[in-house]
Amino acid sequence: MINWRWLLFAVLCGGILLFGGWRFYNPLSGRELKTYSFYDRQGRLIGILSADGGPVRTWVALDKISPAAQNVFISLEDQRFYRHAGIDFWAVGRAMLENGRQGKLTSGASTITQQLAKNILNNQKRNLWHKMVEALLAVYLEIKYSKAEILENYFNRIYYGNLIGGINTAARFYFQKTPQELNVKEAVALALLAKSPVVNQQRLFDHTLAKEIDRGLAYLADRGVITKEEQDYYQKVPLAVKPALNEKILAPNFLYAVLKAEARQKKQRTKITTTLDYELQAAVVNIIKEELARLKDKHINNAAAIVIENKSGEILAYVGSADFYDSSHAGQIDGVLSYRQPGSALKPFLYYLALENGFSPATILPDIKMSFPAGNGVYNPRNYDDQYHGPVTLRHALGNSLNIPAIYLLSQVGGGKFLALLQQLGFKNLTRSPEHYGLGLALGNGEVSLFEISKAYACLANAGIYFKNLLFTKEEQLERLGLLAADKVFLITDLLSDNAAREAAFGPNNSLKLPFPAAAKTGTTKDFRDNWAVGYTTEVTVGVWVGNHDQSEMRNSSGITGAGPLFRKILLKTSAKYPAGKFAQPAEIVSRNICLESGLLSGSNCLKTRSEFFSPHNLPPAVCAQHAILRGRPTFIYPAIYRDWLAENFPRQEYALQEDRPLKPSKFHILYPPHDAYFAVDPVLSREDQRLTLKVDNELATEWYVDGQFIGQSGLTKNVAWQLEQGTHTIEAWQDKQGTAVRINVY
Ligand SMILES: [Zn+2]
């Protein structure tokens, strides 16, 4: 038997719930959304976004919307709007029949009330449950509100693409009209936008929406909403799209990033003073537009750029994509924050680590065929130009972005150390093990964002002081951290700002050459998917990415030709307002004259020398002894590891090879004295008796030279002896046209 007390209780509860719901659930309240106003660093208004980061809307009463527009929307979207109670069962039935026939699910049975319910619920997912809740809300709306109220809310709340919510803003943005002035054709266009805003927002500007608009007009004529004459008239009259471009937000990606930063800090401000420099931002937007037009034939559709003020960590300009409103190229993706492979753009941090580990700008690095263990096999790195350049200074290797010396350096300093440094520098996506990346990390096989890479370069610009965050608004606080050693950072800056050092690969007038001191590096990924150019002056850091958001390949575009010119123009523009100074040289930095072929302090026989900067702990260990007088000429004696490179590149030329670490036996070797041997002159014994008998490992006729002076010929029955003299000496042996040499030291 039913307990009547429980039944009464249940009925009462239900009644209270119903009454409460009816009384307090008013889904159509809150006409104007809370909005955020954004100002630039000088206090100029640069944009308004609604509280949810969504479209801005300004309300208009139903009687201020032209009757033509009302009729068009109702006819195209929901013919029986004034007759149904929220759900149009007749349309649902017809849609189900059609879906059954076509074998696919198309919507179209959604009433205006249902579309409004969907807008209120703001569901991203579209499963059966959500559709049922929507339908229930639609019925609720129909019971609680009048048809006029529902229609007014529909016009004012629906999204029309390009960040525009509401017909008032849409009419103004697309046609520079009020909703009262909209004609039939414009209303059809807006109805199509409301139907598929993301697909159609750009097509309206491209005039590729014409066919659909004509079809809409024909449909209206068929149903007697407009006359045949009106249809003909509107089909002939072109649609006057007059986008109010000044209403486009100049830095949409930036404003969204600001909103995210605000949410992270749980801030409740509605007036936000950002760090953006409006004029600079406008200039960067224009430069990107111009340069992309120039690069069109290279299949480059997008670019992103960021400008940071070094001393404050404030973001001066931030462009996430070439055109935020261009959905055909995914313009709403923020290229500043997207993760892509950096190519060579991380090399400066590897070279920094090398300087920390005993290398100097003068150190000679081998750019020759080399194999490195990798996984179960071997890795044979190649250069961008597919050439091998032999012994090169570290300065030359970084300047010309040679891959093999970079891989060699990473093998020397260790992948784990490099990965740890990059993680300290804020590269958040490099989360795998050092083994996962292997030596490829030197060439950028991990993914980074333009934001991260520019922030890391700003650390170089700030002499090693790292900013944990960059500032989007004037109210944020900077978190500083001393991370890199100032003397090594200065050396990296000097390397990256040396235009002569990159001439060999990029030519004397490359895009990174600027009329003021500027450090810069480019990056190009395999298959030309991404181009980077990042760099800094004393005042600002600029990062540029060029590529396609859909990751499609560009045509023959490298960092230096693709991103480089954008970087150059942006840095020139920025530096007009934030003039570059001279990079400050730390007091401990010393300069020494070095031999460019041995990387050691220049000696009297050296041919190519220059003044080089050193950190005081990393001075060259000795004076160059690799240049010696051979047969009366100053000659460079190559270390043995260059044997194959020499044979391949200079097959007809004579060269001298050091025998300290032979890779494989040559035709003949000097047996005595051994290379790098030490001898002492005995002051008691007669000098005549202190001689070295020079020997090779065969018995052929051999000419001997000491320090370039001929001293005799040895053979099967004849020895040559040399009387000891104090000093460092080069002893050469020649058979036919083949020569070899050793160096000895006599005290
Ligand atoms: Zn030398």
Next on the checklist: Quick check on this structure: which one of GLN341, GLN332 is open to solvent by 10 Å² or more (accessible area, probe 1.4 Å) and closer than 28 Å to ASN403 by Cβ?
Outcome noted: GLN341
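For (1) surrounded by fewer than 14 Cβ atoms within 10 Å (Cβ to Cβ); (2) small (Gly, Ala, Ser), each residue gets a yes or a no:
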{"residue": "GLY216", "(1), (2)": "no, yes"}
{"residue": "ASP222", "(1), (2)": "yes, no"}
{"residue": "LYS242", "(1), (2)": "yes, no"}
{"residue": "TYR278", "(1), (2)": "no, no"}
{"residue": "ILE288", "(1), (2)": "no, no"}
Checklist entry - Out of curiosity, is TYR638 more than 38 Å from the chain's Cα centre (by Cα), buried (at least 19 other Cβ atoms within 10 Å of the Cβ) and more than 9 Å from the ligand (Cβ to nearest atom)? => result yes
Item to check | Condition check for GLU503: acidic (Asp, Glu), in contact with an Asp or Glu (Cβ under 7 Å, 6 or more places away or on another chain), open to solvent by 10 Å² or more (accessible area, probe 1.4 Å) and farther than 18 Å from GLU290 by Cα | outcome: no
Item to check | Criterion: open to solvent by 20 Å² or more (accessible area, probe 1.4 Å), in contact with a Leu (Cβ under 9 Å, 6 or more places away or on another chain) and farther than 16 Å from SER557 by Cα - qualifying residue of LEU496, LEU514 | outcome: LEU514
Item to check | Set PRO586, PRO683: member being out of contact with any Lys or Arg (no Cβ under 6 Å at 6 or more places or on another chain), surrounded by fewer than 14 Cβ atoms within 10 Å (Cβ to Cβ) and not assigned by TED's automatic domain parsing to the domain that holds ILE364 | outcome: PRO683
Item to check | Residues satisfying the stated conditions in region 379-388, i.e. in contact (Cβ under 8 Å) with a residue 60 or more places away in the chain and either outside the structural domain of LEU355 (by TED's automatic domain parsing) or open to solvent by 10 Å² or more (accessible area, probe 1.4 Å) (or both) | outcome: TYR379, TYR384, ASP385, TYR388
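Yes or no, residue by residue, for (1) at pLDDT 85 or above; (2) within 16 Å of the ligand (Cβ to nearest atom); (3) open to solvent by 70 Å² or more (accessible area, probe 1.4 Å); (4) in contact with a Lys or Arg (Cβ under 7 Å, 6 or more places away or on another chain):
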| residue | (1), (2), (3), (4) |
| --- | --- |
| VAL540 | yes, no, no, no |
| VAL544 | yes, no, no, no |
| SER552 | no, no, no, no |
| ARG555 | no, no, yes, yes |
| LYS569 | yes, no, yes, no |
| VAL590 | yes, no, no, no |
| ARG610 | yes, yes, yes, no |
Checklist outcome for this item: Note: among LEU657, LEU630, just one is in contact with a helix residue (DSSP H, G or I) (Cβ under 7 Å, 6 or more places away or on another chain), farther than 29 Å from SER344 by Cβ and modelled with pLDDT under 90, namely LEU657
Item to check | Residue check, ASP297 over 31 Å from the mean Cα position of the chain (by Cα) and either more than 18 Å from SER37 (Cα to Cα) or open to solvent by 20 Å² or more (accessible area, probe 1.4 Å) (or both) | outcome: no
Next on the checklist: Considering only region 137-148, I want to know if a residue exists there that is within 16 Å of LYS242 (Cα to Cα) and among the acidic types (Asp, Glu).
Outcome noted: no
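The values are calculated or read from the model by the stated rules, or taken from the named source; none is laboratory data. Every value quoted in this text rests on a predicted model; they were computed, and no experiment measured them. All Cβ positions, even for glycine, are placed from backbone atoms using ideal geometry, and neighbour counts span all protein chains on display. Protein only, heavy atoms only, side chains kept; ligands, DNA and RNA dropped before computing areas. Shrake-Rupley method; radii C 1.70, N 1.55, O 1.52, S 1.80 Å.
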